[in-house]
């Protein structure tokens, strides 16, 4: 699977509510979705604006899994959306400019 498939999976998870925020101490600044500053629809719009060249993967810092990183531009700002899948559930790590 690649960019289009992972983007579609994350959009579907956000639409259906089948996702969890990753617990982190700096969530208020680094995960605006879990902080309630932005909602699922906003993140979906970010993902829909994302081009293939604005996608990458990296290993999770603590888990043996790949994170999927989307960096679209919205409102003149580069945004950072990072997620991974654990047991079929999307886990949203970061949503912030």
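Please work out which option in (1) 2, 10, 12, 10, 8, 8, 8, 7, 7, 6, 6, 6, 5, 3, 1; (2) 2, 13, 26, 26, 18, 9, 4, 1, 0; (3) 3, 14, 27, 29, 20, 7, 1, 0 gives P(r) over Cα pairs in 5 Å bins from 0, in percent calculated from these coordinates, and answer with its label. So the structure-derived entry is (3).
Working note: 222 nm ellipticity from helices only, DSSP H runs with n ≥ 4, each -39,500 (n - 2.57), summed and divided by the residues of the chain, gives -9000 deg cm²/dmol to the nearest 500.
Applying 0.36 nm per residue to the separation of residue 20 and residue 71 and subtracting their alpha-carbon distance, the gain on full extension is 16.4 nm.
Short-range pairs are left out: with C-alpha atoms under 8 Å and at least six residues apart, the relative contact order of the chain is 29 percent. The ranking of 79, 85, 53 from fewest to most other beta carbons within 10 Å of each one's beta carbon is 53, 85, 79. Each label point was placed 7 Å from the Cα along the Cα-to-Cβ direction; for residue 53 and residue 37 their separation is 2.8 nm.
Here, each number is a calculation from the coordinates, and none is a lab measurement. Quick caveat: nothing in here was measured; it's all calculated off a predicted structure. Cβ sites come from the backbone with ideal geometry, for glycine too, and all protein chains shown count toward neighbours.
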